[in-house]
Amino acid sequence: MHRIGAAFMLLLVCLAATAARAADTRPNILFIMADDHGYQAMSCYGSKVNQTPNLDRIARDGMRFDRCFVTNSICGPSRAVILTGKYSHLNGYIRNGLTFNGEQQTVAKLLQAAGYQTAMIGKWHLRSEPTGFDYYEILVGQGPYYNPPMRTREGVVKHTGYTTDIITEVALDWLKKKRDAEKPFLLMYQHKAPHRNWQPGPKYLHKYDDKKIPEPETLFDDYSGRGTPAHTQEMTVARHLSPYDLKLVPQRSLNKEQHAVWDKAYGPKNAAFEKANLTGDDLIRWKYQRYAKDYLRCIASVDENVGRVLDYLDDSGLADNTVVFYTSDQGWYLGEHGWFDKRWMYEESFRTPLLVRWPGKIKPGSTTNSLAMNLDFAETFLDIAGANIPPNMQGASLKPIFMGQEPQNWRKSLYYHYYEFPGAHAVQKHYGVRTDRYKLIHFYEVKEWELYDLEKDPHEMKSVYADPQYAEVRATLEQELQRLRKQYQDDGSVISFGAQRAKRVRRRLAASFPPDKTPDKTVTLHGKGPALTISSRQLNPEYKPFCVGAWCKPSEGSGVIAAQGGASLGYSLYLEDGSLCFAMRIGGGLKKIVGPSIHLHKWVHVAAVLNAQGEARIYINGQAVSAPLATGFLTGAPSDSFNIGADAGSLVSDYKTPLPFHGELRDARLYWGPVDQKLLARWSQL
Ligand SMILES: [Ca+2]
Ligand SMILES: [Ca+2]
């Protein structure tokens, strides 16, 4: 009896010990993302131009998504969508160059709360400090291809070497030494490569030297089957690759030693080019080869480095319980339609590669045609972790699709919205819908529509929007587009999360003019430009209600009283043809109030208020003279400054000059935060 009792006790002790130390066996998530890696340049997607043996390992052991798309085909916005599971207009990061609002809900924060350990290593590109990550080491901005400084919570770390290798070393170091082995992890391991300007690593400088890269069928597309936007873009291989892109001039960010290696590689190549003296199509073909080879050389490094990480997962035994994703922040034009870059809703940039490996769960070598989006990634991570998916996320978990079971109510159409115009490469703003077979695109600022039949015209060479045979298809798609805009709240019904943030801004005087606190002092402006300039870094209007106004005595009917920002982001209070106007520019979109006319040569108090609900209104002598106009808040600090008396640099509204003010000004003020009727009444009393 005694021995049985002892054995029983021992068993109990063992059970208790096991329970206390029970390792958290939820799967790890390794999210690998490249920047601008088109599926055409992956051998597992049937590439005609290169081999990617290590990426192919993920496809071979897991699932290849043949219809994965992005919501907004550009770097920063895609990253914000992945973190939030929300479209750009809701997460606020509609275009590059903004500052991501890290206060909002993200998948990193949610996984952290669910007991995951989270790390962000490599390209971040959202300007704000990462939130929700236990560890981060990120490139500063775009980051260079060589010798990247990287930002950590403790400060900037300097590195020497090739960035793709370094990001991998930092990731491996975190996996090996820095993480808590008791907890499951989310590691976001994000490359800069193969982003422009495609600087290969030392190891691959000569790869493809003796090869000709096959040209895409549409390299010489003349856009005759499309509307204006394809004709006015600036991303052609023919005309828009710079000498810097083509490595015809010395490259920045290399040290002396690296320069020497580069000279050996590119010196002879450049000499051969100068001797060849090419023109016309031959020159375009040469540029294509030059660009494509460097792009593919960068991918060779990405592939090699992904292989190193996969090897580590195998060797450490982590592989069995780690879900590995490989994707890109969007697709890419590798010469298709004569282009480089992305942005369009056309297939090559709209689609993005997605490979997922999950040993024991995903059938090796499987593929799917289910319509997936980067909008789904956050939800998928949460589902893998067994955590709740908040209903305000707009995508859906891909987990059932991993198991080969597309849910009954799965999406049958995709919604897209691109905003960055004016901007690099001059691609007009557009939104649209894609179904299994058709794609309808609306370039809404130039009021043009395009419709493609992807079955008959997979390269999207001819829009059939005006073809009467497609009238019914068009009508159905237009309806579907409206439905999606409503479903995703991109129909103007929601101003964005900025409203919650804006409500917390307290009122304070941010700037005044004349600046020496002499409200009674009058300054005469003779139309010579701004009388005051303050940088938007010092005076950031991002997600703030505000009020701007002044006493003025104009001598001409047109002139800017106060303006901040320009054609992407900003606001302007001005007179035009005798009327008081106020304009808000958000993500390039213009909303404008044209108020009543004002007497010349008489003192008048004018003001514009953006309230905490994101509605703008103008006031004359303290009285509202317009209805409230829902504009939303500025989604970032404009690159242009704040000015009194002209709109310097980029123009906020649709006027064609800086519109310098002529006449007298006094007691101009800019407030952040909500301004009430009482304050306006006091200010506008003589
Ligand atoms: Ca990108
Ligand atoms: Ca400006």
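Would you mind giving the three semi-axes, in whole Å and largest first, of the ellipsoid equivalent to the range 523-563 according to its Cα gyration tensor?
Working: eigenvalues 111, 34, 13 Å².
Ellipsoid half-lengths, sorted descending, are 24, 13, 8 Å.
Treating only the Cβ of Lys, Arg, Asp and Glu as charged (+1, +1, -1, -1), what charge dipole size does the range 498-683 show about its Cα centre? Round to the nearest 20 debye.
Values: 22 positive and 13 negative charges, 144 e Å.
Magnitude of the dipole: close to 700 debye.
Which value in nm describes the separation of the simple spin-label points at HIS526 and ALA272, placed 7 Å from the Cα toward the beta carbon?
Simple spin-label model gives 6.3 nm for this pair.
For the range 420-554, what is the accessible area per residue in Å², given a 1.4 Å probe and the full set of protein chains? All intermediate terms of the calculation are to be shown ahead of the outcome.
Numbers: 7040 Å² over 135 residues.
On a per-residue basis, the range 420-554 sits at 52 Å².
Going highest first, how would you order 359-366, 309-316 by mean Cβ packing within 10 Å?
Details: 359-366: 13.5, 309-316: 15.4.
Descending mean neighbour count gives 309-316, 359-366.
So, R0 is 60 Å and r is the distance between the beta-carbons of HIS206 and THR518; what FRET efficiency does that work out to, to 0.05? Numbers along the way, then the final one.
Numbers: r = 69 Å, r/R0 = 1.15.
Computed FRET efficiency for HIS206 and THR518 comes out at 0.30.
Determine, from the Cβ-Cβ distance of THR160 and ARG67 and an R0 of 30 Å, the FRET efficiency 1/(1 + (r/R0)^6), rounded to the nearest 0.05. Intermediate values should be presented prior to the final figure.
Values: r = 41 Å, r/R0 = 1.38.
Given R0 = 30 Å and the Cβ-Cβ separation, E is 0.15.
Which order do the peptides 379-391, 400-412 take when ranked by the mean count of other beta-carbon atoms within 10 Å per residue, highest first? Numbers along the way, then the final one.
Details: 379-391: 18.2, 400-412: 13.8.
Per-residue mean Cβ counts within 10 Å order the peptides as 379-391, 400-412.
Using θ = phi - 60° and the Karplus relation 6.51 cos²θ - 1.76 cosθ + 1.60, list the HN-Hα couplings for the range 67-74 in order, rounded to whole Hz, with x at every Gly or Pro.
9, 9, 10, 10, 8, 6, 7, 7
Please compare each pair in LYS48/LYS207; LYS86/LYS439; LYS177/LYS399; LYS439/LYS486 to a cut-off of 20 Å on the Cα-Cα distance and tell me which ones are over it. Numbers along the way, then the final one.
Working: LYS48/LYS207 16 Å; LYS86/LYS439 22 Å; LYS177/LYS399 30 Å; LYS439/LYS486 18 Å.
Flagged as over cut-off: LYS86/LYS439; LYS177/LYS399.
Averaged per residue, what accessible area in Å² does the range 24-406 show with a 1.4 Å probe, protein chains only?
34
Please compute the modelled spin-label separation between ALA181 and GLN405, points set 7 Å along Cα→Cβ, answer in nm with one decimal.
3.5
Could you work out how far helix 280-316 tilts from the main Cα principal axis of the chain, as a 0 to 90 degree angle to the nearest 10?
60
What are the trypsin sites (Lys or Arg not before Pro) within the range 113-165 that DSSP puts in a loop, where the Cβ has at most 10 other Cβ atoms within 10 Å? Walk me through the numbers before you get to the answer.
Details: sites: LYS123, ARG127, ARG151, ARG153, LYS158; in loops: LYS123, ARG127, ARG153, LYS158.
Within the range 113-165, the qualifying trypsin sites (Lys or Arg not before Pro) (loop, at most 10 other Cβ atoms within 10 Å) are LYS158.
Grab every C-alpha pair in the range 24-406, bin the distances at 20 angstrom width from 0 up to the longest one, and report whole percents.
Bins of 20 Å from zero give 29, 59, 12, 0 percent of pairs.
Quickly work out the ASP676-to-ARG60 label distance, labels modelled 7 Å from Cα along the C-beta direction, and quote it in nm with one decimal.
Placing both labels 7 Å along Cα→Cβ, they lie 7.1 nm apart.
Note the full-extension length gain between GLN142 and ALA630 as 0.36 nm times their separation in residues minus their Cα-Cα distance, in nm to one decimal. The partial results should precede the final answer.
Values: separation 488, 0.36 × 488 = 175.68 nm, distance 3.38 nm.
Extra length from GLN142 to ALA630 when fully extended: 172.3 nm.
How large is the charge dipole for the chain, taken about the Cα centre, if only the Cβ atoms of Lys, Arg (+1) and Asp, Glu (-1) carry charge, to the nearest 20 debye?
1700
What are the aspartates and glutamates whose alpha-carbon lies under 14 Å from the alpha-carbon of LYS275, with same-chain residues fewer than 8 places away excluded?
Answer for LYS275, where 14 Å is the Cα cut-off: none of the aspartates and glutamates qualify.
Could you tell me which residue out of MET345, MET373, LEU355 lies farthest along the dipole of the range 325-397 toward its positive end? Charges go on the beta carbon: Lys and Arg +1, Asp and Glu -1, centred on the Cα centre.
Result: LEU355, furthest along the dipole toward the positive end.
Counting only protein heavy atoms and using a 1.4 Å probe, what share of the accessible area of the range 547-686 belongs to carbon plus sulfur, as a whole percent?
Working: 2400 of 4740 Å².
Of the solvent-accessible surface of the range 547-686, carbon and sulfur hold 51 percent.
Please determine, in degrees from 0 to 90 and to the nearest 10, the orientation of helix 75-84 with respect to the longest principal axis defined by the Cα atoms of the chain, where the helix direction is its Cα long axis.
The helix 75-84 is inclined about 70 degrees to the chain.
Work out the FRET efficiency for GLN251 and ALA113 from their Cβ-Cβ distance, taking R0 = 45 Å, and round it to the nearest 0.05.
Values: r = 44 Å, r/R0 = 0.97.
About 0.55, to the nearest 0.05.
When only C-alpha pairs under 8 Å and at least 6 residues apart count, what is the relative contact order of the range 594-686, in percent? All intermediate terms of the calculation are to be shown ahead of the outcome.
Details: 90 pairs, mean separation 22.1, N = 93.
Reported as a whole number, the value is 24 percent.
For GLY529, enumerate residues with amide H under 5 Å from its amide H, sequence gap 5+ or separate chain, H modeled in the peptide plane.
Long-range HN contacts for GLY529: PHE661.
So what J values fall out for the range 564-569 if you push phi through Karplus, 6.51 cos²θ - 1.76 cosθ + 1.60 with θ = phi - 60°, rounded to Hz, Gly and Pro as x?
9, x, x, 6, 9, 9
Output the relative contact order of the chain, whole-number percent, from Cα pairs under 8 angstrom with separation of 6+ residues. Show your work: numbers first, answer last.
Numbers: 1544 pairs, mean separation 107.1, N = 686.
It comes to 16 percent, rounded to a whole number.
Considering only C-alpha atoms, what is the centroid distance from the range 519-584 to the range 313-338, in Å?
What the calculation gives is 49 Å, centre to centre.
Set the bar at 29 Å for Cα to Cα. Now go through LYS203/LYS287; LYS211/LYS264; LYS293/LYS361; LYS176/LYS212; LYS656/LYS678 and name every pair that lies beyond it.
Numbers: LYS203/LYS287 22 Å; LYS211/LYS264 18 Å; LYS293/LYS361 37 Å; LYS176/LYS212 41 Å; LYS656/LYS678 36 Å.
Checking Cα-Cα distances, LYS293/LYS361; LYS176/LYS212; LYS656/LYS678 exceed 29 Å.
In the chain, what percentage of the DSSP-assigned beta bridges are antiparallel, given to the nearest 5? Display every interim value, and only then the final one.
Working: 91 of 118 bridges.
Bridges in the chain that DSSP calls antiparallel: roughly 75 percent.
Check the range 506-598 and count each lysine pair with an alpha-carbon distance under 24 angstrom, considering only pairs eight or more places apart or from different chains. Let's see the in-between values first.
Numbers: LYS517/LYS528; LYS517/LYS544; LYS517/LYS553; LYS521/LYS553; LYS528/LYS553; LYS544/LYS591; LYS544/LYS592; LYS553/LYS592.
Lysine pairs meeting the criterion: 8.
Are there any trypsin sites (Lys or Arg not before Pro) in the range 624-674 that are in a DSSP loop and have at most 15 other Cβ atoms within 10 Å? List them by number.
Hits after loop and neighbour filter: LYS656.
What angle do you read, to the nearest 10 degrees and between 0 and 90, between the alpha-carbon axis of helix 471-487 and the longest principal axis of the chain?
Taking Cα atoms only, the helix is inclined about 90 degrees.
Provide the solvent-accessible area of PHE421, counting protein heavy atoms only and rolling a 1.4 Å probe, rounded to the nearest 10 Å².
The value for PHE421 is about 50 Å².
Starting from the alpha-carbon convex hull of the chain, give the projected area averaged over all orientations, in nm².
Details: hull surface 153.0 nm².
With every direction weighted equally, the projected area is 38.2 nm².
The values are calculated or read from the model by the stated rules, or taken from the named source; none is laboratory data. Remember, it's a predicted structure, so these values are computed and weren't measured experimentally. Cβ atoms come from the backbone with ideal geometry, glycine included; neighbour counts cover every protein chain shown. Heads up: the accessible areas ignore ligands, DNA and RNA and are worked out on the full protein's heavy atoms, side chains in. Shrake-Rupley method; radii C 1.70, N 1.55, O 1.52, S 1.80 Å.
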